[in-house]
1. Sorted by mean Cβ packing within 10 Å, highest first, what order do the peptides 199-206, 127-134 take?
2. Give a quick list of GluC sites (Glu not before Pro) in segment 32-118 that DSSP marks as loop, anything other than H, G, I, E or B, with at most 10 other Cβ atoms within 10 Å.
3. If you filter segment 224-294 for GluC sites (Glu not before Pro), then keep DSSP loop positions with at most 14 other Cβ within 10 Å, what is left?
4. Any idea how far apart N268 and R44 come out in nm if each label point goes 7 Å out from Cα toward Cβ?
5. Pulled fully out, how much extra length does the chain show between L64 and S77, if you take 0.36 nm times their separation in residues and subtract their Cα-Cα distance?
6. Within segment 65-91, whose backbone N sits under 11 Å from a point 7 Å along Cα→Cβ of H182?
7. Given axes a ≥ b ≥ c from the Cα gyration tensor, I'd like to know whether segment 72-127 is rounded (a/c under 1.5), prolate (a/b larger than b/c) or oblate.
8. Please list, in chain and number order, the residues 5+ apart from H182 or on another chain whose amide H is under 5 Å from its amide H, with Hs placed from the backbone.
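Any read-out appearing in this document is the output of simple, stated calculations on the displayed coordinates, not a laboratory observation. Quick caveat: nothing in here was measured; it's all calculated off a predicted structure. Positions of Cβ are backbone-derived with ideal geometry, glycine not excepted, and every protein chain shown enters the neighbour counts.
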Amino acid sequence: MSSGGRLDVYVQQQAGVVSRNNAQKLIEAGNVTVNGKTQKTNYRLRDGDKVEIDIPEPKNLEILPQDIPLEIVYEDSDVIVINKPKGMVVHPAAGHYEKTLVNALMHHAKDSLSGINGVMRPGIVHRIDKDTSGLLVVAKNDNSHNALAEQFASHSIKREYIAIVHGRVKQNGTIDIPIARHKNDRKKMAPDKNGRRAVTHYEIIESMGNFTLIKCRLETGRTHQIRVHMAYINHPVLGDAVYCNSRQFFGLGGQALHARMLGFIHPNGEYMEFVTDLPQYFDEALTKLRKNLK
């Protein structure tokens with residue numbers, strides 16, 4: 001072992017777990033001891049330390065199909081384009097195994113979903129946040145999954161979002177700021193010069209007093225990208241309880257952010273583009289803001 005190295009890094013390397021986050025969970029759960037005692041994830045190893053790692057047997061999780069209504073914008077033998085409602089989680093995760101988009105897709109498509117991402121994420125090529133509404137594409141077989149994944153990796157997918165943000169945005173612009181996992185809060189993302197490149201182009205649609213309706217086009221697709229970027233330039237998304245300190249949420253129950261447009265090359269080589277109307281919750285927020293101007 002390397003003297004002075006972090007315990008979580010050592011555990012990740014030795015146990016072969018997927019990420020440092022998983023290594024940290026093992027340590028926090030008491031499955032790792034140093035010289036017979038548990039330690040914190042950032043413990044610095046010393047020469048002679050004896051590290052013991054106990055990896056529990058994986059639990060067999062059964063993700064069940066559920067008859068949940070879906071707004072299907074387009075479907076063929078290769079892909080399904082869904083208009084996801086606000087409040088729906090895309091795929092099961094620890095402590096949340098029901099009422100997700102995956103549960104609904106398994107009922108709708110039966111066994112016709114790609115298996116590349118395993119039993120927890122069948123068909124899922126990309127995702128949008130629970131409280132973000134709008135379009136995403138699902139792969140019905142491994143060939144289409146690979147074709148779509150390549151486009152996401154090369155940033156050739158066309159994605160446009162509509163958002164309501166705090167403050168009067170003065171001009172159109174581009175935010176080119178790397179993003180990484182927050183150092184102190186693992187549930188959040190944050191601007192970080194050592195993070196992965198993230199680029200958001202934004203354009204003003206309408207000014208409404210102390211709020212602005214904008215259109216965002218993504219070059220990259222980092223977790224919480226628009227939310228983090230707009231908060232970084234002091235125009236956080238309305239209703240965002242994670243990245244905005246304001247309590248003016250207008251009963252939104254989450255951020256006013258909608259994935260309005262999605263364009264990609266179908267596995268058959270044809271370019272396809274889909275556009276949705278703004279959902280009811282978004283229209284209602286706009287109506288309230290416009291009334292406040294009168």
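1. 127-134, 199-206
2. On the way: sites: E52, E62, E71, E75, E98; in loops: E62, E71, E98.
Answer by residue number: E62.
3. Passing sites in segment 224-294 are E270.
4. Here the modelled spin labels are 6.2 nm apart.
5. 2.5 nm
6. none
7. Oblate, since a/c reaches 1.5 and b/c is not below a/b.
8. Under 5 Å from the amide H of H182: K188, M189, A190.
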